[in-house]
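A short worksheet on the structure shown next.
The values are calculated or read from the model by the stated rules, or taken from the named source; none is laboratory data. What you see is a predicted model; the values in this text were computed from it and never measured. All Cβ positions, even for glycine, are placed from backbone atoms using ideal geometry, and neighbour counts span all protein chains on display.
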Amino acid sequence: MKISVVIPTLNEEESIGETLDMIPRTDDMEIVIVDGLSKDRTREIAASKGARVVEEKRKGYGRAYKTGFKEAKGDIIVTMDGDTTYPAELTLDLVKQLEEEKLDFLSCDRIKKADKGAFTGTHALGNWVLKVTMNILFGMGLNDSQTGMWVFKKSALKHLTITSDGMPMSEEIKIEVFRSKNVKAKEISVPYRIRVGDKALNTWKDGIKNEIFLFKKRFTPGSLGPGEEF
């Protein structure tokens with residue numbers, strides 16, 4: 001089965017090369033970088049490492065992933081950030097686990113195995129609040145609602161309704177996956193490291209947006225707009 005590794009980037013020249021170097025390559029793998037018009041050398045470095053670079057003028061974390069999903073040619077998609085935080089070296093191991101356990105979706109919990117210092121106190125608190133809110137509102141039991149590392153069959157996307165173009169897309173895809181009767185999903189724990197480069201996330205601003213999104217999706221789903229077909 002062909003594998004597509006999809007990575008959204010924005011000004012990641014300090015880390016994208018190292019991230020791509022950690023990914024074990026196979027003949028049936030492609031790496032798709034969805035770049036939000038970085039002002040540094042992110043695109044050039046990614047291309048030099050063999051990645052296919054797709055420019056996305058529209059803003060948003062979720063928007064980048066939606067574009068990446070459409071561009072992906074693989075049967076299995078693996079996602080991660082380009083800042084070295086996620087264990088890119090485990091890509092093939094995670095794909096193997098997905099296949100051996102006959103799963104459709106793996107969500108990679110960062111919390112349990114995170115390196116010391118990988119989360120600030122504020123970031124850890126925000127993650128906890130969002131996790132608890134999501135689990136209560138949607139009757140779920142995940143340990144990490146915000147992780148950006150997923151391994152899944154592209155075919156699973158047809159069962160999901162993804163509306164967010166922003167950071168809430170990360171929690172939305174998990175809500176859709178773990179509540180779907182058509183998608184066999186599991187949460188596992190993976191290592192998580194201190195990031196290389198400046199942090200793009202605005203903890204308070206993005207946290208509040210994510211919290212508001214959860215309540216809107218739970219109580220006024222029509223206000224979020226239609227989902228996107230992949």
Any hit, the stretch 13-33, residues being in contact (Cβ under 8 Å) with a residue 12 or more places away in the chain, under 23 Å from LYS174 (Cβ atoms), small (Gly, Ala, Ser) and not in a strand (DSSP E or B):
no
What about MET1, is it surrounded by fewer than 17 Cβ atoms within 10 Å (Cβ to Cβ), more than 19 Å from the chain's Cα centre (by Cα), under 22 Å from ILE76 (Cα atoms) and not hydroxyl-bearing (Ser, Thr, Tyr)?
yes
Report whether or not LEU94 is in a loop (DSSP other than H, G, I, E, B) and in contact with a strand residue (DSSP E or B) (Cβ under 6 Å, 6 or more places away or on another chain).
no
Considering residues of the stretch 86-127 that are of a type in the set (S, T, N, Q) and farther than 23 Å from ILE175 by Cβ only, the residue modelled with the highest pLDDT
THR91
Going through the stretch 120-136 in order, the residues found to be touching a residue at least 60 places away in the same chain (Cβ under 8 Å), within 12 Å of ASN210 (Cβ to Cβ) and out of contact with any Gly (no Cβ under 9 Å at 6 or more places or on another chain) are THR133, MET134
Inspect all residues belonging to the stretch 110-119 and state whether any of them is surrounded by fewer than 14 Cβ atoms within 10 Å (Cβ to Cβ) and either assigned to a helix (DSSP H, G or I) or without any contact (Cβ under 8 Å) to a residue 12 or more places away in the chain (or both).
yes
If you check ASP144, ASP83, which single one turns out to be more than 28 Å from LEU37 (Cβ to Cβ), touching a helix residue (DSSP H, G or I) at 6+ places or on another chain (Cβ under 9 Å) and part of a loop (DSSP other than H, G, I, E, B)?
ASP144
Among ASP206, ASP165, ASP198, which is modelled with pLDDT of 95 or more and either surrounded by fewer than 22 Cβ atoms within 10 Å (Cβ to Cβ) or not in a helix (DSSP H, G or I) (or both)?
ASP165
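Among the listed residues LYS102, LYS59, identify the single one that is of a type in the set (Lys, Arg), under 22 Å from VAL183 (Cα atoms) and surrounded by fewer than 22 Cβ atoms within 10 Å (Cβ to Cβ).
Answer to the selection: LYS102.
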Residues being closer than 19 Å to VAL177 by Cα and either surrounded by fewer than 15 Cβ atoms within 10 Å (Cβ to Cβ) or among the basic types (Lys, Arg) (or both) - total across the stretch 90-99
1
Residues of the stretch 169-186 being buried (at least 20 other Cβ atoms within 10 Å of the Cβ) and touching an Asp or Glu at 6+ places or on another chain (Cβ under 6 Å), which ones?
VAL183
Scanning the stretch 62-80 for residues that are of a type in the set (Ser, Thr, Tyr) and assigned to a helix (DSSP H, G or I), which turns out surrounded by the fewest Cβ atoms within 10 Å (Cβ to Cβ)?
THR67
State yes or no: is SER38 more than 18 Å from the chain's Cα centre (by Cα), over 20 Å from ILE173 (Cα atoms) and small (Gly, Ala, Ser)?
yes
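Conditions tested, residue by residue: (1) under 30 Å from ARG41 (Cβ atoms); (2) at pLDDT 95 or above; (3) not acidic (Asp, Glu).
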| residue | (1), (2), (3) |
| --- | --- |
| VAL151 | yes, yes, yes |
| LYS158 | no, yes, yes |
| GLU172 | no, yes, no |
| VAL177 | no, yes, yes |
| VAL190 | yes, yes, yes |
| PRO221 | no, no, yes |
